[in-house]
Each structure stands twice: as structure tokens, then as C-alpha cells.
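Participant: Pasting in a structure now, in C-alpha cells, and then I'll have a few things to ask.
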Amino acid sequence: MPSDAFLMPPWRVDARVGALMTTRAGGVSTAPFHSFNLGRSAGDEPAAVDENRRRFEAALGVPTRYLKQVHGAGVVRLTHDSPGPHTADAAITTEPGLACTVMVADCLPVLFAAPGGRGVAAAHAGWRGLAAAVLEATVGALCDAAA
């Protein structure tokens, strides 16, 4: 992947926990998707999305899990044995080596890590999800799972 393919936050959490956001660089989708589209619902060619997802997972070095996001407050707990797709707007996991993935366009990705790297979460936060308390639900689920 090109060096401009990812944005990484300068957060101070357990060294075993990673976080990143993709850019448009490094994919195979053509206009109007402009290269690195990971979303299946935007109308991109399925083969291009599959290849982009393959490249993303290879760059991460861990399996990824995607959600069917509905702008709500649903949270799903992911495991290596739960490939999905799952209908929810947030995901948590306490299993090392598994990426929680959310898609955003005009919404925000909100990433969480429990102390000591005991769990991680990713939430898709738009105005509907914020109004429905998706962040509160995500924190609650992560706290319960990582306790």
C-alpha cells in the first residue's frame, strides 16, 4: 500500500492496539469511486470492492469484519468465528488479531480501546446514531466485555 493510504491517530494506548483510517490511495476502483472504496452499497463494481478489501486486510495483517450500518445504536461483539455481515453501527472485540471496521462518508469513525488492550471498539457516528446513543452503547458494551 502507498504511504498515503492510511491516517493513524497519535493516541497513547496499549502497543498491541492499532487504529487507522483509510484514504482513497492504493485501490483499484475507478471513477467516481476513485481507487480505494471498501463499501459494497455505493454502486462500485463488486470485484473492485473485493480486491480493495483484500488489499486492506493484507496491509493490516489481521482479519477484518464489516458491518451493515443502519444509522442506529446497535453494537455487535465480533469474534474470529463471526464473519458476518452484522447489522449494527458499532462493533467490539476482545479477541487479539481482529479488526473492527466501520465505513464513513459524512459520519465520523469513533475508535475506543479498553485499558491494557483488553478490548477495542469502532462506532459509526452520524447524527442519527448520536441521537440514538450509539457511543454510549458502544462504551457500555466494551466495558462489559473487557471487564
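Participant: Could you compute how much accessible surface Val13 exposes when probed at 1.4 Å, giving the result in Å² to the nearest 10?
Facilitator: Its accessible surface works out to 60 Å², give or take rounding.
Participant: With each label point set 7 Å from Cα along the Cα-Cβ vector, what nm distance links Arg54 and Arg24?
Facilitator: Distance between label points: 2.4 nm.
Participant: What order do Leu111, Leu142 take when sorted by accessible area (1.4 Å probe), most exposed first? Can you show the working numbers first?
Facilitator: Working: Leu111 65, Leu142 15 Å².
Result, largest first: Leu111, Leu142.
Participant: Express the carbon and sulfur contribution to the solvent-accessible surface of the range 45-140 as a percent, rounded to the nearest whole number, probe 1.4 angstrom.
Facilitator: Details: 2710 of 4720 Å².
The nonpolar share, carbon plus sulfur, comes to 57 percent.
Participant: When all protein chains stay in place, what accessible area (Å², nearest 10, 1.4 Å probe) is found for Ser35?
Facilitator: Ignoring ligands and nucleic acids, Ser35 comes out at about 30 Å².
Participant: Right, another one. Once amide H atoms are built 1.01 Å from N in the peptide plane, which residues 5 or more positions from Arg77, or in another chain, come under 5 Å H to H?
Facilitator: Ile92
Participant: What is the angle, in °, between the Cα long axis of helix 46-60 and the longest principal axis of the Cα atoms in the chain? Nearest 10 is fine, range 0 to 90.
Facilitator: 50 degrees
Participant: Right, next: Taking R0 as 35 Å, what FRET efficiency do you get between His34 and Cys143 from their Cβ-Cβ distance, rounded to the nearest 0.05?
Facilitator: Values: r = 38 Å, r/R0 = 1.09.
The pair His34/Cys143 has a calculated efficiency of 0.35.
Participant: Let me ask something else. Give me the percent relative contact order of the range 14-147, please, defined on Cα pairs under 8 angstrom at least 6 residues apart.
Facilitator: Values: 253 pairs, mean separation 27.0, N = 134.
Once normalised by length, the contact order is 20 percent.
Participant: May I pose another question? Just the number: Rg to Rh for the chain, Cα atoms, Kirkwood Rh, two decimals.
Facilitator: 0.95
Participant: Would you mind working out the magnitude of the charge dipole of the range 1-141 relative to its Cα centre, with +1 at each Lys and Arg C-beta and -1 at each Asp and Glu C-beta, to the nearest 20 Debye? Numbers along the way, then the final one.
Facilitator: Values: 12 positive and 12 negative charges, 39 e Å.
With Lys and Arg at +1 and Asp and Glu at -1, about 180 debye.
Participant: A further question on this structure: Can you pull the accessible area of Asp50 for me, 1.4 Å probe, Å² to the nearest 10?
Facilitator: 70 Å²
Participant: Follow-up question, since we're still on this one. Specify the angular offset, from 0 to 90 degrees and rounded to the nearest 10, of the alpha carbon long axis of helix 134-146 from the longest principal axis of the alpha carbons in the chain.
Facilitator: 60 degrees
Participant: Taking H as built 1.01 Å from N, whose amide H comes closer than 5 Å to the amide H of Ser35, not counting residues under 5 places away?
Facilitator: The list, which skips near neighbours in sequence, is Ser29, Thr30.
Participant: Give the residue from Thr101, Ser41, Gly119 lying farthest towards the positive end of the charge dipole for the chain; charges sit on Cβ (+1 for Lys and Arg, -1 for Asp and Glu) and the dipole is referred to the Cα centre.
Facilitator: Gly119
The values are calculated or read from the model by the stated rules, or taken from the named source; none is laboratory data. Nothing here was measured: the structure is a model prediction, and the numbers come from that model. In this analysis, Cβ positions are derived from the backbone assuming ideal geometry, glycine residues included, and neighbour counts consider all displayed protein chains. Note: accessible area is taken over every heavy atom of the protein model, side chains too, but ligands, DNA and RNA are not part of it. Shrake-Rupley method; radii C 1.70, N 1.55, O 1.52, S 1.80 Å.
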